[in-house]
């Protein structure tokens, strides 16, 4: 009776010693006498004490910041870039067996891939097409880390530093582009204003009364402002009569020497 009790107690102790609990976001990679046995979890599972041991792996998405790296673009401009990597372990077995430190290995791969990808693009591409470069980085890193059971979900360039001389050059270029756009907009506005003025002149020529209305409007606008300007309006008939008189005077030939004097006017 006592021997059976001892055996039962020993078995219960072994079972209790071998009970393990893994959280929902954890997986246990279990080895038996140094050889891979199985992957357990989440929840309650059992290992054999002194024969089996485990490595807990977190399968949640992790963020890894890559320290600032200096790279040279295709047009030989040195830049400094900070990168952030979002990764997730999709195969706990390979992440334990195939690589010693999966986190440090991903960072080293990211550093190498960053310099290679940046060297294939110009400075303008790095500044304007960061999303395209990030996708290229993701594909390059993921190709290396996939055999380790790691999936790179996203790569983002957090900060890009360029030399001060290049900053001044870029600022001058941006200023020149803004000035160019301003001149184009001004020229377009003048062209549209000239077209509208031509249409207004054609409308006034078709209806002379419109000119008189425009003159009255000008008087109203001038009178609305408190100033000392005096405006004298003359009817268009006077202007036309003065123009006809000037044309007639220019058409009359001038008197030459030796010509008889015109007769004096007769008595009234």
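Where a number appears in this text, it was derived from the coordinates with a stated rule and is not lab data. Everything numeric here is computed off the predicted structure, so don't read it as measured data. Counting neighbours? That spans all protein chains shown, and the Cβs are built from the backbone with ideal geometry, glycine included.
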Exercise. Give the order of 25, 45 when sorted by the count of other beta carbons within 10 angstrom, beginning with the fewest.
Key: 25, 45
Quiz item: When a footprinting reagent is the concern and you count Cβ atoms within 10 Å, what order do 152, 100 take, fewest first?
Solution: 100, 152
Quiz prompt | Calculated FRET value between residue 32 and residue 55, using beta carbons and R₀ = 22 Å, to 0.05 | solution = 0.95
Exercise. Can you bin the range 129-199 into rounded, prolate or oblate? Criterion: square roots of the alpha carbon gyration tensor eigenvalues sorted a ≥ b ≥ c, rounded for a/c under 1.5, prolate for a/b above b/c, oblate for the rest.
Key: oblate
Self-check item: Computed FRET value (nearest 0.05) for residue 75 with residue 190, which takes r as the C-beta separation and R₀ as 51 Å
Solution: 0.85
Quiz item: For residue 68 and residue 178, what does the FRET efficiency come to when R0 = 35 Å and r is the distance between their Cβ atoms, rounded to the nearest 0.05?
Solution: 0.65
Exercise. Quick one: give the max-minus-min coordinate of the C-alpha atoms of the range 31-92 along each principal axis, largest first, in Å.
Key: 60, 24, 16
Exercise. Run a plain Debye calculation on the range 41-146 (Cα atoms as equal point scatterers, no solvent) and give log10 I(q)/I(0) at q = 0.17, 0.21, 0.24 Å⁻¹, rounded to two decimals, same order as the q list.
Key: -0.82, -1.11, -1.33
Self-check item: Neighbour-count ranking [beta-carbon atoms within 10 angstrom, fewest first] of 89, 97
Solution: 97, 89
